[in-house]
Amino acid sequence: MVLLAILIGTLTAGIGSVWLAALLSFGVLGRYTQHMLSLAAGALLATAFMHLLPEAFEGQAGAHKLFMALLVGLVFFFLLDKAELWHHGHEHHQHPDDAAHPEPQGHASPAGTWAVLTGDSVHCFGDGVLIASAFMADMRLGAIASLAVLAHEVPHHMGDLLVLRSGAGNRRAAFVKVSLAGAVTAMGGMLGYWLVDQLRDYLPYFLVAASSSFMYVALADLIPQLQKRLTARETLAQIVWLLAGIALVSVVSSLAHAS
């Protein structure tokens, strides 16, 4: 049952995020790109602070060791960011909002296209392991983690679709390639299920690792993109969508707990 839930959760997060990114990039939802950034940031922070960390601290591991693991995790993801492995597909230095209104540009090189797909696949694989860790702790927590991953992958996939569309020349080819990369999330979930099962005593540390990942993406990637001079109305919209992300996680948690 847990393995099936991991498979469904990882496929939903991995492929579902690509489909939503395509709607935002190519479809009628393009006007909501900035709102998606705020929603994702709220969902990630709520998942980390309200669910993953409390679950980790309910285990047998000491608070000092868990906080140390959280610190190490944040530094680790910072280093991955520096190595351009964690924030995949950012070689083009394109703001996600530009995906809805791309400017004319030359075709991306095949090498650059494969670099985006490789980085995307590695990132999705890691997301799958984190989702599996959450499901192994609690089914409700797994559902929440899947939702948070889906939300924060959308802006990244929007950038990937833009680069691949430039290289391939059409939307369908870009969509298929990024969808295949997103499906790698399920592979990470399968490995995560086996790994966490073998190292169940270390489950609190896996949950802390997931927390540090979510916190870093929200605070170092998404929120800085929202830190720009806006009108009072636009600022209010950001706050509302940020709170909506937090509320969404709470609602999903309540529904999963009631089922």
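The values are calculated or read from the model by the stated rules, or taken from the named source; none is laboratory data. Quick caveat, the model's predicted, so the values are computed rather than measured. So basically every Cβ, Gly included, is an ideal-geometry build from the backbone, and we count neighbours across all protein chains shown.
Which one of the conditions (1) surrounded by fewer than 21 Cβ atoms within 10 Å (Cβ to Cβ); (2) at pLDDT below 90; (3) more than 26 Å from SER254 (Cα to Cα) does GLN60 fail to meet, given that it meets all the rest?
Of everything listed in (1) surrounded by fewer than 21 Cβ atoms within 10 Å (Cβ to Cβ); (2) at pLDDT below 90; (3) more than 26 Å from SER254 (Cα to Cα), GLN60 misses just condition (3).
Helices (runs of 4 or more DSSP H) wholly in segment 1-64 with at least 2 residues that are under 24 Å from ALA137 (Cβ atoms) and of a type in the set (S, T, N, Q) - which ones?
So the answer is 2-26.
Regarding LEU141, is this residue over 25 Å from VAL2 (Cα atoms), in a helix (DSSP H, G or I) and either charged (D, E, K, R) or in contact (Cβ under 8 Å) with a residue 12 or more places away in the chain (or both)?
no
Out of all the residues in segment 166-175, which are in contact (Cβ under 8 Å) with a residue 24 or more places away in the chain and either buried (at least 24 other Cβ atoms within 10 Å of the Cβ) or not in a helix (DSSP H, G or I) (or both)?
GLY169
State yes or no: is PRO155 farther than 22 Å from GLY16 by Cβ, of a type outside the set (A, V, I, L, M), touching a helix residue (DSSP H, G or I) at 6+ places or on another chain (Cβ under 6 Å) and in contact (Cβ under 8 Å) with a residue 12 or more places away in the chain?
For PRO155, the condition - farther than 22 Å from GLY16 by Cβ, of a type outside the set (A, V, I, L, M), touching a helix residue (DSSP H, G or I) at 6+ places or on another chain (Cβ under 6 Å) and in contact (Cβ under 8 Å) with a residue 12 or more places away in the chain - is not met.
Given the residues ALA148, ALA183, which is the only one that is buried (at least 24 other Cβ atoms within 10 Å of the Cβ), among the hydrophobic types (A, V, I, L, M, F, W, C) and within 18 Å of the chain's Cα centre (by Cα)?
From the options ALA148, ALA183, the qualifying one is ALA148.
Looking at segment 213-233, is at least one residue modelled with pLDDT of 90 or more, out of contact with any Asp or Glu (no Cβ under 7 Å at 6 or more places or on another chain) and either buried (at least 20 other Cβ atoms within 10 Å of the Cβ) or over 19 Å from LEU44 (Cα atoms) (or both)?
Yes: one or more hits.
Let me confirm something: among HIS51, HIS35, which residue is at pLDDT below 90, closer than 30 Å to ALA174 by Cα and not aliphatic (A, V, I, L, M)?
Of HIS51, HIS35, the one residue that is at pLDDT below 90, closer than 30 Å to ALA174 by Cα and not aliphatic (A, V, I, L, M) is HIS35.
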